[in-house]
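Before any comments, here is the structure.
The values are calculated or read from the model by the stated rules, or taken from the named source; none is laboratory data. Computed from a predicted structure; not experimentally measured. Every residue, glycine among them, receives a Cβ derived from its backbone with ideal geometry; neighbour counts consider all protein chains shown.
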Amino acid sequence: MTLCAFNAAYAFSIDSDSLETWPLFFTDDALYRITHIENENENLPAGIVYADSRNMLIDRIAALRLANIYERQRYRHILGIPAIVAQNSEATHAHTPFMVARIMATGQTDVFATGFYKDVFVANQEPGTQGNALGILLKERVAVCDSTVTDTLLALPL
Amino acid sequence: MQNTQSHWKSESLTRIPYSLYSDDAIAEKEKVEIFHGNTWNFLCLDADLKDAGDYRTTFVGETPVVVVKDQDLQIYAFENRCAHRGALIALEKAGKEANFQCVYHAWSYNRQGDLTGVAFAKGVKGQGGMPASFCKEEHGPRKLRVTVYCGLVFGTFSQDSPDIESYLGPEICTRIQRVLHKPIEVIGRFTQALPNNWKLYVENVKDSYHASLLHMFFTTFKLNRLSQKGGVIVDSTGGHHVSYSIVENDAADNSYKDQAIRADNDQYLLKDRSLLAGFKEYDDGITLQILSVFPGFVLQQIQNCLAVRQVLPKGVASTELNWTYIGYADDSAEQRKVRLKQSNLIGPAGFISMEDGAVGGFVQRGIQGAQAHEAVVEMGGDHTGSSEGRATETSVRGFWKAYRDIMKI
């Protein structure tokens, strides 16, 4: 239930354009990457987004707000139920399926991405200070897309 | 065939008829004159085909092809079309096969694309079968001539394409060798679906004029290097180009830090500057080199971020852009990490490339209903020569020079 609530809050931060709160779901040294299933199966390490710190996520949002030029768009995340694949006293490893619709300013709505998050959750050492009160943070989130194709561009995070 | 001559009002390369981006007859003519004509088309990397039997499927223009390494360790390419009914022979993007068999009626092919087997050729229980006159050697998918240059595998359907070094010309060869001077490894593959004609993306690659105007990432975060110089090289055909920039200051990374200290508004500075913490790996000081080969290949070095791009038309108004991110086989773990981090600059979500995914679509949408009108490509004059500055559209005009020559329009 904690993971579900965490994911719901995570998705809402993106879908409601509260992008500045999105990095707060991650630890300082978190890994966040967007890739697809073929790269993952071949162990190819690159991502279309590759961040190994929360600050890199903050920078990405700053770039979206201040620098990058893209048509106004929104996402709607529909997240499935997390499957816990491993758990110990340090961390919980879980896989959660996602579907993301992209809604353009023109009204055009498409299924933009489907896939699953490969996550490592850890205890939030400073609950309350990191923007969520759920007691956990993402140490790692790899968004593994089912399709190898990205339509036009990926601006907002998954 | 429609009279394509009418698209152009003059011989000038400074005006580009918008109809070229949406006309079906033009797209059909491109298939014949460009993609099946005297051009070398990027197929894959040598590094993609390590062992005998390794293959990849790709396209030349919109024609599906199979690229495969045979027992002799030579690379062969043939049309991915069964000689029987025309079905695809290979369905996967990549794999390893001793030979290929069409799923429809089990006609089979060796790795060089020769038809080697026809199922039930002698009939079943004396009934049916192919006529005795049927000669397998006379049937088969069309074969491409293949050449490997610096680890890049190119193919051509034409017997008349010049050898690859003549096709590229000495300046382009030198600039390819500069980057691909030792073995590489693939570190990721991504495909971007672009909502525009393929030529709009190729023009965008060649357009050194837009870079600092559309892509605001470096400017916004005060990452501009003040002491940059650079230029554009256009080969004699016009079809290939290199644009590059050089940081003259050896202490480039320190100058970043100095700028950061002087900047008065923290909000506009990157919090994690390791994104751009690169290492020097080329003695010439060139920190950015974008190189294109007609019709649709790009080799890119942006700092330590290396990639090849393949531009494939998918109908008149959409394009597939295949990115292959690479590193050198002898990269240290730290160097590889730098490449992974800098890959945030490129690709479908790249800080300095995401706009390119959309801007072609803006043109494609903008020119609806303007078929009789023309784009203006006059920055830097009307020539197609090499240029010291980058506020020029010389290499865009070069593309159209090569395009008009080969299309005969």
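Data for the structure
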| item | result |
| --- | --- |
| From A:Thr109, A:Thr152, residue being within 11 Å of another protein chain (Cβ to nearest Cβ), without any contact (Cβ under 8 Å) to a residue 60 or more places away in the chain and touching a strand residue (DSSP E or B) at 6+ places or on another chain (Cβ under 9 Å) | A:Thr152 |
| Matching residues in the range A:22-50 - criterion: being farther than 18 Å from A:His95 by Cβ, out of contact with any Ser or Thr (no Cβ under 9 Å at 6 or more places or on another chain) and part of a loop (DSSP other than H, G, I, E, B) | A:Glu42 |
| Sole exception among (1) surrounded by fewer than 23 Cβ atoms within 10 Å (Cβ to Cβ); (2) touching a helix residue (DSSP H, G or I) at 6+ places or on another chain (Cβ under 6 Å); (3) under 30 Å from B:Asp331 (Cβ atoms) for B:Pro195, by number | (3) |
| Residues satisfying the stated conditions in the range B:381-401, i.e. surrounded by fewer than 22 Cβ atoms within 10 Å (Cβ to Cβ) and over 18 Å from B:Leu288 (Cα atoms) | B:Gly381, B:Asp382, B:His383, B:Gly385, B:Lys401 |
| Odd one out for B:Gly361, checked against (1) surrounded by fewer than 24 Cβ atoms within 10 Å (Cβ to Cβ); (2) more than 8 Å from chain A (Cβ to nearest Cβ) | (2) |
| Scan of the range A:135-158 for residues that are surrounded by fewer than 20 Cβ atoms within 10 Å (Cβ to Cβ) and part of a loop (DSSP other than H, G, I, E, B), ordered by number | A:Gly135, A:Asp146, A:Ser147, A:Thr148 |
| Of the criteria (1) closer than 20 Å to B:Ser161 by Cβ; (2) touching a helix residue (DSSP H, G or I) at 6+ places or on another chain (Cβ under 9 Å), which one B:Lys31 fails | (2) |
| Any hit, the range A:79-97, residues being outside any strand (DSSP E or B), at pLDDT 95 or above, crowded, with 21+ Cβ neighbours inside 10 Å and not β-branched (Val, Ile, Thr) | yes |
| Within the range B:127-240, helices (runs of 4 or more DSSP H) holding 2 or more residues that are touching an Asp or Glu at 6+ places or on another chain (Cβ under 9 Å) | B:170-179, B:198-206 |
| Which numbered condition A:Arg74 misses (of (1) more than 14 Å from chain B (Cβ to nearest Cβ); (2) more than 30 Å from B:Gly360 (Cβ to Cβ)) | (2) |
| B:Gly350 within 21 Å of the chain's Cα centre (by Cα), crowded, with 20+ Cβ neighbours inside 10 Å, within 9 Å of chain A (Cβ to nearest Cβ) and not hydroxyl-bearing (Ser, Thr, Tyr) | yes |
| Residue within the range B:179-189 that is aliphatic (A, V, I, L, M), at the interface with another protein chain (Cβ under 9 Å from one of its Cβ atoms), buried (at least 23 other Cβ atoms within 10 Å of the Cβ) and in contact with a Gly (Cβ under 8 Å, 6 or more places away or on another chain) present | no |
| From A:Ala46, A:Ala101, A:Ala67, residue being small (Gly, Ala, Ser), closer than 29 Å to B:Gly361 by Cβ, within 10 Å of chain B (Cβ to nearest Cβ) and touching a strand residue (DSSP E or B) at 6+ places or on another chain (Cβ under 7 Å) | A:Ala46 |
| Qualifying residue in the range B:111-124 (condition: hydrophobic (A, V, I, L, M, F, W, C) and within 30 Å of B:Cys173 (Cβ to Cβ)) | no |
| Residue count for the range A:2-29, restricted to those that are surrounded by 22 or more Cβ atoms within 10 Å (Cβ to Cβ) and within 12 Å of another protein chain (Cβ to nearest Cβ) | 1 |
| Strands (runs of 3 or more DSSP E) enclosed by the range B:264-319 - at least 2 residues per element that are more than 14 Å from chain A (Cβ to nearest Cβ) and at pLDDT below 95 | B:286-293 |
| Residues of the range A:48-76 satisfying the condition of being touching a residue at least 12 places away in the same chain (Cβ under 8 Å), touching a Phe, Trp or Tyr at 6+ places or on another chain (Cβ under 6 Å) and over 17 Å from B:Lys341 (Cα atoms) | none |
| Complete set of residues in the range B:272-306 that are charged (D, E, K, R) and surrounded by fewer than 18 Cβ atoms within 10 Å (Cβ to Cβ) | B:Arg273, B:Lys280, B:Glu281, B:Asp283, B:Asp284 |
| Qualifying positions in the range B:45-63 - in a strand (DSSP E or B) and either surrounded by fewer than 16 Cβ atoms within 10 Å (Cβ to Cβ) or among the hydroxyl-bearing types (Ser, Thr, Tyr) (or both) | B:Tyr55, B:Thr57, B:Thr58, B:Thr63 |
